[in-house]
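Notes for the one structure printed next.
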Amino acid sequence: MGGGGIFRMTSRPSGPDLAVGINLGHYRIAEKIGAGGMGEVYRAHDEHLARDVAIKVLPAGTLSDPSARRHFRNEALALSKLNHPGIATIYDFDTQDGVDFLVMEYIPGMTLSEKLAGRPLAEKEVLALGVQLAEALAAAHAEGVVHRDVKPGNLRVTGDGRLKVLDFGLAKLRLPVVPSAATESIDQTLAMTGTLPYMAPEQLLGEEADARTDIHSAGAVLYEMATGQRPFGKLERAQLITAILRQAPVPPAQLNPQVPAELERLIGKCLEKDPENRYQSAKELAVDLRRLGMPSSVTASWRVVERPRSRLRRKVLLGLTGVLVVAALLLGLNAVSGWRERLLGKEAGAAIHSLAVLPLANLSGDPEQEYFADGMTEELITDLSKIGSLKVISRTSVMQYKDARKPLREIGRELGVQGVIEGSVRRVGDRVRITAQLIYAPSDTHLWAESYDRDLHDVLKLQGEVAQVIANEINAKVTPQEQARLSGKRPIDPAAYQAYLQGRYYWNKRTEEDIQKAIGYFQQAINKDPNYALAYAGLADSYLVLSLYSSAPWQDTYRQAKAAAVKALEIDDNLAEAHATLASTRAGEQWDLAGALTELARAIQLNPNYATGHQWYAEYLICSGDAEKAITQIRRAQELDPLSLVINSTYGYILLQARRYDEALAQARKTLGMDAKLLRNAYAKKNAKAYWQERLQLAMKDAKQSRDLPYELTDSSPYRLAVLNARAGRNEAAIGLLQKAFNERDYGLYYLKTAPALDGLHSDPRVASLMLRIGVAQNR
């Protein structure tokens, strides 16, 4: 065309400039408002409908043949069906004089990139714009449309704070063009399917984009809104590609100390390299952003509790009133018809009857504070375990995931739970900050998250409150008695509490040296607070376990364990662990099997998720001859602590005592890596008399060879030697050893009634008398 035509051709290959005031069809061009890889953008006036529109003129040569133009038109018309207040509508696609152009909704205001200009936005604005972005993405994804180029330049913000997503789905329609020399190098597009600083790793690798690709880009936008900088700053192209594929960006709080930790976590989840580890839907992202924007969740400004130079930011955390308000809000949400079903699907809300509390991360930066984080994890498990309607996985199993990088779906599957709680703990002086979040593991959906900042004096009450809020969130039934036990906690001396947590930390290591350290710390806690029932319970546990590791007379350690347990229960009769310890001392010191069963039944009533309590109860039940009830209890223990060596081994042994050999063999195969003796024992029960005669002869050999013998043959236990003699047919020797076991209060004697090897001795009056004296009835 000549100089008087409506287009002025420039040297840029992106296409022609339109002269202001001319008409393109029935659209009168008013002004040029932008340019990019998809062409020039103009504000125009629709003379038919009397409204302003945006005209995007595609670069020359983009649609070089009728087939490509037809395909583009079909895709554009499909995109025009998107109907959401956060998505700029496509009105039309047309061609005039060989120039292809899109007609779109005109959005007054400015692009987000113009609004940012290298500066972070205020907290409320980040969250408000973030929610709108996530909701717009969710609406498009529901229609099967992926944007593929989410970036601040494609987001327009109106004067009243409304956000509109532009160019939805157009990245998919792009055909290769020569990049404009005027395009900033950092913003250049790769393969015309995204803008480099905001691209997801899978885009760079040429893999198929899906909704999670947009979530990654949205995370980059949130990062820039919160910090004023892109996730990897102003790296050159090659370095930027490497960073996107392999590196984590600088934590937002390091660039802007006022970024709350919950927002930092949210952004980090969006920016995960693996799509499986990101939010799985924009709807989930919108829920979390909206929650962060609630008055009960964040403060009016990004004010922080600690000094501004701290790198680990958290929200100003709620006081007691705030926590109760949150609980009330959650209860109110539960009453809103179908909200959980809309979030998770109809079956998900009803499916969360089982939880695992993963080890809380220690954010203090001090490895010496690891005991504190582990202790807080254990205490939260203990409080949740008191809710009978929930299945809560025990400490032994969850601690195996400490510092693990497994996907939550996999962890949930391995532990057999629907809900997973993860979070962090940070202690500064006498202040503690807990951040926790509840996730529906099968879909990695975030249901709830909160942070709490308290004085250590109130930490026990806080733990109970957190447990109640979580229970409310998943609609768990909490009885009045359970609620009273959760809420009825008194303030605690911070020094006593720290000593108690250190005691539990060393108690869990289970060596004689560590148990002795634990005893020292529990005693310190008691000295600081003589009415600290949990410290007495910890002391009782320690003395009880010490009897297994120490050469000290077991009678002494049992006596000390019993005294500490009795004292704990005098202060607080609702401590399940103290009742369990008392059960062991009653059985060991007094041959009081009935009393032990009563104490364990009480322990399980108080803490239905007390795996060790179920295990001990099963052991005493099998000794009493109640095999079916014993197996029920040990199965429950295994459900609650599936990775426990002790519980899995005990399960196999109880099956052996119940004469269920095939099941014992199956269980043995499962736990062979934990306890190789179990499989051998199961096979050996097949009345192989010669086998046991040989073993007995080995047992009587020179003691210098004892290090090469199986453990059971070198053990000085009279009961074990009695079993060996009975298996070898030496009945008189076996009975003599059983009487010795009684005199020495050998705990193994409780298996006198159920051990298969001793069946042939039951008719002997001396053995019958022993069974009566230890409280085991003869009748099966």
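The values are calculated or read from the model by the stated rules, or taken from the named source; none is laboratory data. As the structure is a prediction and not an experimental result, all values here were calculated from the model. Don't worry about glycine lacking a Cβ; one is built from the backbone with ideal geometry, like all the others, and counts go over all protein chains shown.
Details
- Looking only at segment 40-62, and only at residues there that are acidic (Asp, Glu) and either farther than 11 Å from LEU24 by Cα or touching a Leu at 6+ places or on another chain (Cβ under 6 Å) (or both), the one that is modelled with the highest pLDDT: ASP52
- Residue in segment 494-501 that is surrounded by fewer than 21 Cβ atoms within 10 Å (Cβ to Cβ), of a type in the set (Ser, Thr, Tyr) and out of contact with any His (no Cβ under 6 Å at 6 or more places or on another chain) present: no
- Filtered residues of segment 570-596 (kept if more than 21 Å from ARG559 (Cβ to Cβ) and buried (at least 22 other Cβ atoms within 10 Å of the Cβ)): ALA576
- Hey, ALA733 modelled with pLDDT of 90 or more and not assigned by TED's automatic domain parsing to the domain that holds LEU548 or not: yes
- Subset of segment 741-750 [over 14 Å from LEU724 (Cβ atoms) and of a type outside the set (D, E, K, R)]: PHE742, ASN743, TYR747, LEU749, TYR750
- Enumeration of residues in segment 431-447 that are over 18 Å from the mean Cα position of the chain (by Cα) and either surrounded by fewer than 22 Cβ atoms within 10 Å (Cβ to Cβ) or assigned to a helix (DSSP H, G or I) (or both): ARG431
- Subset of segment 628-641 (residues that are crowded, with 18+ Cβ neighbours inside 10 Å and not hydrophobic (A, V, I, L, M, F, W, C)): GLN633, ARG636, GLN638, GLU639, ASP641
- Close Cβ contacts (under 6 Å, 6 or more residues apart or on different chains) running from residues in segment 615-627 that are surrounded by fewer than 22 Cβ atoms within 10 Å (Cβ to Cβ) to residues that are of a type outside the set (Asp, Glu) and not in a helix (DSSP H, G or I) comprise GLY625/LYS753; GLY625/ARG780; ALA627/ALA658.
- Selected residue (criterion: modelled with the highest pLDDT) from residues of segment 242-256 that are among the β-branched types (Val, Ile, Thr) and in a helix (DSSP H, G or I): ILE244
- Counted residues, segment 467-520 - those being closer than 17 Å to TYR532 by Cβ, small (Gly, Ala, Ser) and assigned to a loop (DSSP other than H, G, I, E, B): 1
- Within segment 477-487, not a single residue is of a type outside the set (A, V, I, L, M), outside the structural domain of LEU539 (by TED's automatic domain parsing) and in contact with a Leu (Cβ under 6 Å, 6 or more places away or on another chain).
- Just one of the numbered conditions (1) in a helix (DSSP H, G or I); (2) within 19 Å of ASN23 (Cα to Cα) is not true of LEU102: (1).
- Restricting segment 521-533 to residues that are without any contact (Cβ under 8 Å) to a residue 40 or more places away in the chain and outside any helix (DSSP H, G or I) leaves a set whose member that is farthest from ALA565 (Cα to Cα) is ASP529.
- So LEU665, is it at pLDDT below 95, surrounded by 20 or more Cβ atoms within 10 Å (Cβ to Cβ), more than 33 Å from the chain's Cα centre (by Cα) and in a helix (DSSP H, G or I): no
- In segment 82-108, residue nearest to LEU133 (Cα to Cα) [restricted to those that are among the charged types (D, E, K, R) and either under 48 Å from the mean Cα position of the chain (by Cα) or buried (at least 19 other Cβ atoms within 10 Å of the Cβ) (or both)]: GLU105
- Exclusive hit being surrounded by fewer than 21 Cβ atoms within 10 Å (Cβ to Cβ), at negative phi and not aromatic (Phe, Trp, Tyr), set LYS386, LYS461: LYS461
- When ALA467 is tested against (1) surrounded by fewer than 21 Cβ atoms within 10 Å (Cβ to Cβ); (2) in contact with an Asp or Glu (Cβ under 8 Å, 6 or more places away or on another chain), just one condition goes unmet, and that condition is (1).
- Count of residues meeting criterion [outside any strand (DSSP E or B) and surrounded by 20 or more Cβ atoms within 10 Å (Cβ to Cβ)] in segment 45-59: 2
- Hey, GLU450 assigned to a helix (DSSP H, G or I) and on the phi < 0 side of the Ramachandran plot or not: no
Yes or no, residue by residue, for (1) touching a helix residue (DSSP H, G or I) at 6+ places or on another chain (Cβ under 9 Å); (2) at pLDDT below 85; (3) under 24 Å from LYS670 (Cβ atoms); (4) among the aliphatic types (A, V, I, L, M):
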| site | (1), (2), (3), (4) |
| --- | --- |
| ALA351 | yes, yes, no, yes |
| TYR371 | yes, no, no, no |
| ASP383 | yes, no, no, no |
| GLY388 | yes, no, no, no |
| MET399 | yes, no, yes, yes |
| VAL425 | yes, yes, no, yes |
| ALA436 | yes, yes, no, yes |
| TRP448 | yes, yes, no, no |
